[in-house]
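Asks: Please see the structure below; I have some questions.
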Amino acid sequence: MKILVADDSRVMRQIVIRTLRQAGFGGHDIVEAENGRDALTKVRSEAPDLVLSDWNMPEMNGIDMLDALRGSGSTVPFGFVTSEGSDDMRSRAERSGALFLIAKPFTPETFEAALTPVLG
Amino acid sequence: MTVLDSPMTDDVVAIVEELWTSFLEADDMFGPVVDTDPDDRSAAVTISGPVNMVVSLSTSEQAAIALASFLLQVEVPSPADVSDALGELVNVLGGSVKSLLPGPSSLSLPVTVNGTVTHSASETADTVVEAVWSGHRVTVVTHTLSQEGPSGS
């Protein structure tokens, strides 16, 4: 399976990739995107099985990217990995079609619980 | 060591501790300081809402490089990586502090600087937490910029 990790921080993308490995998802292919616009392009070109995206990013933020994906008919499984996890944001994410929202800082156990239903 | 106490201090300490044990894989957020260099690298985020607040993090150049090296698993991180590492750490801290404040509010993208973040006299320092990571001192500060008064007053 292929996982697209979208975050404007290279450090955070590496933390997410390291945590995926620690949570037992190390065998999957990883594609990285630097912002929402880059991720939107790569969802189309790379056809990932799951998108893990930050919320606050320059160029295009995560929620606008998700809305653009759903607006174009994409049903790719999508989860947020973000430093903000308010009830409002969780509701907004769910309304737009996100499966989950993981708040930073996170642990491998959090990833395992959120991603296992998607990746098995 | 906590050097300035406030009603938020316990929460901020818990937030720093969570970051230390998860992303920084540290057993403890305190311990002996080996690095005595001055704090010449800083990063900050701003929370805007009913309470406007700056959350900043300051540490030495040596510590900033060590943090980036650890987080990226590279021996020699680039200057951009060092700024990115500090920015992401303060971004995560800011997101957690934001959850303690009344909403709705928004979190800025992080800004990193060489030197320390200075504050005007109108800003109130709420909490100062001096944590230690791998022998390096890392200071986390929250400053209230302004706060809405009670409604109807």
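The values are calculated or read from the model by the stated rules, or taken from the named source; none is laboratory data. Owing to the predicted nature of the structure, the values given are computational and were not obtained by experimental measurement. No Cβ is skipped: glycine too gets one built from the backbone with ideal geometry, and neighbour counts run over all protein chains shown.
Asks: I'd like the residue in segment A:6-24 that is under 14 Å from the mean Cα position of the chain (by Cα) and hydrophobic (A, V, I, L, M, F, W, C) and, out of all such residues, is farthest from B:Ser22 (Cα to Cα).
Replies: Only one residue tops the list, namely A:Ala6.
Asks: Given the conditions (1) out of contact with any strand residue (DSSP E or B) (no Cβ under 6 Å at 6 or more places or on another chain); (2) in contact (Cβ under 8 Å) with a residue 24 or more places away in the chain; (3) over 18 Å from A:Lys104 (Cβ atoms), and given that B:Asp11 satisfies all but one, which numbered condition is not satisfied?
Replies: Checking B:Asp11 against (1) out of contact with any strand residue (DSSP E or B) (no Cβ under 6 Å at 6 or more places or on another chain); (2) in contact (Cβ under 8 Å) with a residue 24 or more places away in the chain; (3) over 18 Å from A:Lys104 (Cβ atoms), the one that fails is (3).
Asks: What are the residues in segment A:6-35 that are without any contact (Cβ under 8 Å) to a residue 60 or more places away in the chain, of a type in the set (Val, Ile, Thr) and either crowded, with 20+ Cβ neighbours inside 10 Å or within 14 Å of another protein chain (Cβ to nearest Cβ) (or both), if any?
Replies: Scanning segment A:6-35 gives A:Val11, A:Ile15, A:Ile17.
Asks: Please list, ordered by residue number, the helices (runs of 4 or more DSSP H) wholly in segment A:36-120 having 2 or more residues that are surrounded by fewer than 18 Cβ atoms within 10 Å (Cβ to Cβ), within 14 Å of chain B (Cβ to nearest Cβ) and more than 11 Å from the chain's Cα centre (by Cα).
Replies: A:87-96, A:108-119
Asks: Would segment B:14-33 turn up any residue that is touching a residue at least 24 places away in the same chain (Cβ under 8 Å), among the hydroxyl-bearing types (Ser, Thr, Tyr), more than 8 Å from chain A (Cβ to nearest Cβ) and surrounded by fewer than 18 Cβ atoms within 10 Å (Cβ to Cβ)?
Replies: no
Asks: Residues of segment B:52-74 being within 14 Å of chain A (Cβ to nearest Cβ) and surrounded by fewer than 23 Cβ atoms within 10 Å (Cβ to Cβ), which ones?
Replies: B:Ile65, B:Ala66, B:Ser69, B:Phe70, B:Leu72, B:Gln73, B:Val74
Asks: Would a scan of segment B:6-13 turn up a residue that is under 21 Å from A:Asp7 (Cα atoms) and either modelled with pLDDT of 95 or more or within 16 Å of the chain's Cα centre (by Cα) (or both)?
Replies: no
Let's see how each residue does on (1) closer than 12 Å to B:Val113 by Cα; (2) of a type outside the set (Lys, Arg):
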| site | (1), (2) |
| --- | --- |
| B:Ala26 | no, yes |
| B:Val34 | no, yes |
| B:Arg41 | yes, no |
| B:Leu86 | yes, yes |
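Asks: Could you please tell me which pairs satisfy a Cβ distance under 8 Å, a separation of 6+ or placement on different chains, a first residue in segment A:52-75 that is farther than 16 Å from B:Asn91 by Cα, and a second residue that is outside any loop (DSSP other than H, G, I, E, B) and of a type in the set (Asp, Glu)?
Replies: Correct list of pairs: A:Glu59/A:Asp38.
Asks: When you go through A:Glu109, A:Glu94 one by one, which is the residue that is touching a residue at least 40 places away in the same chain (Cβ under 8 Å) and either polar (S, T, N, Q) or more than 23 Å from A:Arg10 (Cβ to Cβ) (or both)?
Replies: Every option except A:Glu109 fails the conditions.
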